[in-house]
Amino acid sequence: MKEIMKINEYYTEIGNNYLFAEVAKRVREYRESYPEKKVISLGIGDITQPIVPAVIDAVHKATTEMGDASTLRGYAPDGGYDFLVNAILKTDFQDKGIQLDADEIFVSDGAKSDTGNIGDILGQDNHVAITDPAYPVYVDTNKMSGRQIELLPCTPENHFVPAFPQKTADVIYLCYPNNPTGTVLTKEQLKKWVDYALEHQSLILFDAAYESFISQPDIPHSIYEIEGAKKVAIEFRSFSKTAGFTGMRAGYTVVPKELTAQTSKGKTLSLNALWKRRQSTKFNGTAYIIQRGAAAVYTHEGQIQIRQVIDYYMENAKIIKTGLENAGFTVYGGVNAPYIWAKTPDNMTSWEFFDLLLNKVQVVGTPGSGFGQAGEGFFRFTAFGNRENTVEAIERISKLV
Ligand code: MLT
């Protein structure tokens, strides 16, 4: 038989559509059928509030610089421009008592890419533990690479605190504040995971994309607040929700130099060096203009302005949470995260409830089962809508049930 080109057959083990693409498809079809209906989306966590003036001014200025040969910038430095890396180091870490070096920060086009791409430097035969439900990128990308996954259910029964895996995990994905449940781990709870990783030489991939939404004390913003974490954890951060960069694309990943791993031949390698090698080979940097915008987030005005927007979204979260509770729903999250995780009424499946909301009251959310099997029977609402639509959506849902 003639040799034919082979595809990565692991792709046949994941559904045809990425969760949010599937939701978008169904909403598009509905809108085409009923163009006169006003559909309100509390679905994908996309921003609705304008990007703050400090960022816009910086982006304008940087754009002007690109039109002048004396200030033009070409390829960006691999890990990001110093002006941004130093601002990140100071505000996100040093001011909070965490010491990191500039070459431990890797500026990127966002946490989605990085949490997916990190698999490039990890062996295929790692046993991977992922909380369930979870941001679909973790499971999908590990399936694409053919890795064995153990799901760690997070449910009301265990207060959304995952139990340790049954089989020792080599790699553990934790996202806190959590997408999709909106729940958090205290320092003490997170410390147990760091201690587990230290004991079993596991790697924790800590997605902290929503840390700026934390409102309560004793909730860690960074895993590096926990002693020993630099030996076991990579942390992902995002400007998407913190500063409205969903369409601009910027984030960063912290890979401490203390993180090492052994090859099968017993050679010790630095994960920082491997990630640097991966990024410099496959990624050409976040655009200068965008990095200038991201750096403006850390200025005095930038910090004040983004805080106002975050507070606005968190007020939406409160409106959703209390509105649903008053309508008789059981809900979680929404206090330290922009996500509200609601139990579906009458034991409906997540997709049944999705169809009901879309068809009857034209409100879009995200079916919990799309985030994993432990999400079945739940539904996620986001706080990223505008106020008027958020209030209207909750009124419509309240009248329905
Ligand atoms: C979400 O809705 O979970 C996020 O907005 C999706 C993403 O960040 O890619």
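Any residue in region 200-215 that is of a type outside the set (A, V, I, L, M), surrounded by fewer than 19 Cβ atoms within 10 Å (Cβ to Cβ) and in a helix (DSSP H, G or I)?
Looking for residues that are of a type outside the set (A, V, I, L, M), surrounded by fewer than 19 Cβ atoms within 10 Å (Cβ to Cβ) and in a helix (DSSP H, G or I), one finds at least one in region 200-215, hence yes.
Condition (residue is in contact with a helix residue (DSSP H, G or I) (Cβ under 6 Å, 6 or more places away or on another chain) and within 30 Å of Arg380 (Cβ to Cβ)) applied to region 55-63: is it met by at least one residue?
yes
Residue-by-condition table, conditions (1) in the same structural domain as Leu357 (by TED's automatic domain parsing); (2) under 17 Å from Gly79 (Cβ atoms); (3) in a loop (DSSP other than H, G, I, E, B); (4) modelled with pLDDT of 95 or more:
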position: Met248; (1), (2), (3), (4): no, no, yes, yes
position: Ala261; (1), (2), (3), (4): no, no, no, no
position: Gly266; (1), (2), (3), (4): no, no, yes, no
position: Asn272; (1), (2), (3), (4): no, yes, no, yes
position: Thr281; (1), (2), (3), (4): no, yes, no, yes
position: Lys318; (1), (2), (3), (4): yes, no, no, yes
position: Gly323; (1), (2), (3), (4): yes, no, no, yes
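Can you pull out every residue in region 218-246 that is in a loop (DSSP other than H, G, I, E, B) and more than 22 Å from Gly116 (Cα to Cα)?
The answer is Asp218, Ile219, Pro220, Ile226, Glu227, Gly228.
What number of residues in region 347-389 are more than 13 Å from the ligand (Cβ to nearest atom), among the charged types (D, E, K, R) and within 26 Å of Pro162 (Cα to Cα)?
Residues meeting the conditions: 1.
Within region 218-225, can one find any residue that is within 16 Å of the ligand (Cβ to nearest atom), at pLDDT 95 or above and either over 22 Å from Gly365 (Cβ atoms) or surrounded by 22 or more Cβ atoms within 10 Å (Cβ to Cβ) (or both)?
Scanning region 218-225, I find no residue that is within 16 Å of the ligand (Cβ to nearest atom), at pLDDT 95 or above and either over 22 Å from Gly365 (Cβ atoms) or surrounded by 22 or more Cβ atoms within 10 Å (Cβ to Cβ) (or both), so the answer is no.
Confirm whether Val335 is surrounded by 16 or more Cβ atoms within 10 Å (Cβ to Cβ), more than 16 Å from the ligand (Cβ to nearest atom) and within 18 Å of the chain's Cα centre (by Cα).
Yes.
If you go through region 82-134, how many residues are part of a loop (DSSP other than H, G, I, E, B) and either among the aliphatic types (A, V, I, L, M) or open to solvent by 20 Å² or more (accessible area, probe 1.4 Å) (or both)?
Count: 12.
Do the conditions hold for Asn326, that is, is it more than 24 Å from Val23 (Cβ to Cβ) and in contact with a Pro (Cβ under 8 Å, 6 or more places away or on another chain)?
No: the conditions fail for Asn326.
Which residue pairs have Cβ atoms closer than 6 Å, lie 6 or more positions apart in sequence or on different chains, and pair a first residue in region 37-54 that is of a type in the set (Gly, Ala, Ser) with a second residue that is surrounded by fewer than 16 Cβ atoms within 10 Å (Cβ to Cβ)?
Ala54/Glu301
For region 73-96, indicate whether the set of residues that are acidic (Asp, Glu), in contact with a His (Cβ under 9 Å, 6 or more places away or on another chain) and under 22 Å from Ile306 (Cα atoms) is non-empty.
Yes: one or more hits.
Within region 283-300, which residues are in a helix (DSSP H, G or I) and surrounded by 14 or more Cβ atoms within 10 Å (Cβ to Cβ)?
Once the filter is applied, which keeps residues that are in a helix (DSSP H, G or I) and surrounded by 14 or more Cβ atoms within 10 Å (Cβ to Cβ), region 283-300 yields Tyr288, Ile289, Ile290, Gln291, Arg292, Gly293, Ala294, Ala295, Ala296.
Just to verify a result, which residue in region 343-374, among those that are among the charged types (D, E, K, R) and touching a Lys or Arg at 6+ places or on another chain (Cβ under 9 Å), is surrounded by the most Cβ atoms within 10 Å (Cβ to Cβ)?
So the residue we want is Asp355.
The values are calculated or read from the model by the stated rules, or taken from the named source; none is laboratory data. On a predicted model such as this, the values are computed, not experimentally measured, just so you know. All Cβ positions, glycine included, derive from the backbone under ideal geometry; neighbour counts span all protein chains shown. Each accessible area value is taken on the protein alone, full model and side chains, heavy atoms only, with ligands, DNA and RNA left out. Shrake-Rupley method; radii C 1.70, N 1.55, O 1.52, S 1.80 Å.
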